[in-house]
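Written out below as structure tokens is the structure these notes cover.
The values are calculated or read from the model by the stated rules, or taken from the named source; none is laboratory data. As the structure is a computational prediction, the values presented were derived from the model and not from experiment. No Cβ is skipped: glycine too gets one built from the backbone with ideal geometry, and neighbour counts run over all protein chains shown.
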Amino acid sequence: MVKRFLASGRTGFYLGVTREGEVAAGDEITVLARDPQGVSVAEITRLYVAKRYGQQDAGVVRRAMQVAALPESWKEYLRERLDAMNA
């Protein structure tokens, strides 16, 4: 199931909750802020499962490692992959 999910490329999106309450179908969701250096969930997932990185990926990996919400274990994994690319 996980392989099919990753292969679909449909990773969805994630939201932070600023105020507890109920949400129903049709309710408006407003973006309050967006990190200009942010990396999409789809990009991070692609980097995580990619067999090898191209030169363009290096910049995205460096940006991803700056994302505060990204777990340290993922950052370390990406760092190791980037180091291997430069070796």
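Selection within the stretch 51-85: residues that are surrounded by 12 or more Cβ atoms within 10 Å (Cβ to Cβ) and of a type in the set (G, A, S). The member of this set that is nearest to S8 (Cα to Cα) is A64. Restricting L32, L47 to those that are part of a loop (DSSP other than H, G, I, E, B) and touching a residue at least 12 places away in the same chain (Cβ under 8 Å) reduces the list to L32.
When only residues in the stretch 70-85 that are without any contact (Cβ under 8 Å) to a residue 12 or more places away in the chain and of a type outside the set (K, R) count, which is nearest to D35 (Cα to Cα)? Ranking the candidates gives P71 first.
Out of D83, D27, one residue alone is outside any helix (DSSP H, G or I) and at pLDDT 80 or above. It is D27.
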